[in-house]
Amino acid sequence: MNIEMNQEPLKAILPAEKIAEVEQWLAKYPADRRRSAVMGALRIVQEHCNHLNEERMNAVADYLGIPRIAVYEVATFYSMYFLQPVGKHVINVCTNVSCMLRGSDQIVAHLQKKLGIGFKETTQDGKFTLREVECLAACGGAPCCQIDFDYHENLTPEKLDKLLAELE
């Protein structure tokens, strides 16, 4: 299937320097493998726009010249892509077996009480979004969470309070 590239929708969303970043991703792959740049392109759009929506995902697909479903498959599979607006800081809490056995339920309860939000919600000031994730692959340091791009292991309510205070 040959999909025609349409660069205009992405150019309407991103400034020229961000389009150049997408082009850097494309340059890493052969011309017939433009699909390989989808993760990088989605990351760039998300960083610029806060989250991905249908318009933005379609713009990436059209720019890369790939089926839109190929972009949706990636964006909905990986938890690093946000399909709704998020706060300045995203807190991903692992609730899988290892973390659960080591007290992630207490960590979740503490965060929900302290922030006044549940999973998939953002504080009213827009600072924090709380998300539940299936696994952060840090079982040896359970319970754990990821705040933005940083992992935090062997969590306690006191450690969380200190982390949140540093982000305020």
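The values are calculated or read from the model by the stated rules, or taken from the named source; none is laboratory data. Remember, it's a predicted structure, so these values are computed and weren't measured experimentally. Because the Cβ atoms are built from the backbone with ideal geometry, glycine has one as well, and the counts that use them run over all protein chains shown.
Has the range 135-158 got any residue that is among the β-branched types (Val, Ile, Thr), crowded, with 19+ Cβ neighbours inside 10 Å and within 24 Å of residue 49 (Cα to Cα)? Give the steps one after another, and end with the answer.
Going through the range 135-158, the residues among the β-branched types (Val, Ile, Thr) turn out to be 147, 156.
Among the residues that remain, those that are also crowded, with 19+ Cβ neighbours inside 10 Å are: none.
Within the range 135-158 (the criterion being among the β-branched types (Val, Ile, Thr), crowded, with 19+ Cβ neighbours inside 10 Å and within 24 Å of residue 49 (Cα to Cα)), the answer is no, since none of the residues qualifies.
Between 52, 10, which is surrounded by 15 or more Cβ atoms within 10 Å (Cβ to Cβ) and either at pLDDT below 95 or among the small types (Gly, Ala, Ser) (or both)?
After ruling out the rest, the residue left standing is 10.
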Inter-residue pairs, beta-carbon under 7 Å, first farther than 21 Å from residue 82 by Cβ and assigned by TED's automatic domain parsing to the domain that holds residue 162 and in the range 132-147, second of a type in the set (Lys, Arg) and part of a loop (DSSP other than H, G, I, E, B), 6+ apart: 142/102; 143/102
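Could you check the range 69-80 and list, in sequence order, the residues that are at pLDDT below 95 and not small (Gly, Ala, Ser)?
Looking only at the range 69-80, we keep the residues that are at pLDDT below 95, and these are 76-80.
Across the range 69-80, the qualifying residues are 76, 77, 78, 80.
Give the number of residues within the range 61-111 that are under 21 Å from residue 22 (Cβ atoms) and among the β-branched types (Val, Ile, Thr). Show your work before the answer.
In the first step, residues of the range 61-111 are kept if they are under 21 Å from residue 22 (Cβ atoms); the result is 61-78, 80-83.
So of that shortlist, the ones also among the β-branched types (Val, Ile, Thr) come out as 66, 69, 71, 74, 76.
Going through the range 61-111 one residue at a time, the tally reaches 5.
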Test: residue 98 is surrounded by 17 or more Cβ atoms within 10 Å (Cβ to Cβ) and closer than 22 Å to residue 151 by Cβ: yes
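Within the range 87-94, does at least one residue satisfy the condition of being without any contact (Cβ under 8 Å) to a residue 40 or more places away in the chain and either closer than 23 Å to residue 156 by Cα or not assigned by TED's automatic domain parsing to the domain that holds residue 145 (or both)?
no
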Residue among 20, 27, 31, 109 that is in the same structural domain as residue 150 (by TED's automatic domain parsing) and either free of Cβ contacts under 8 Å to residues at least 24 places away in the same chain or exposed (fewer than 12 other Cβ atoms within 10 Å of the Cβ) (or both): 109
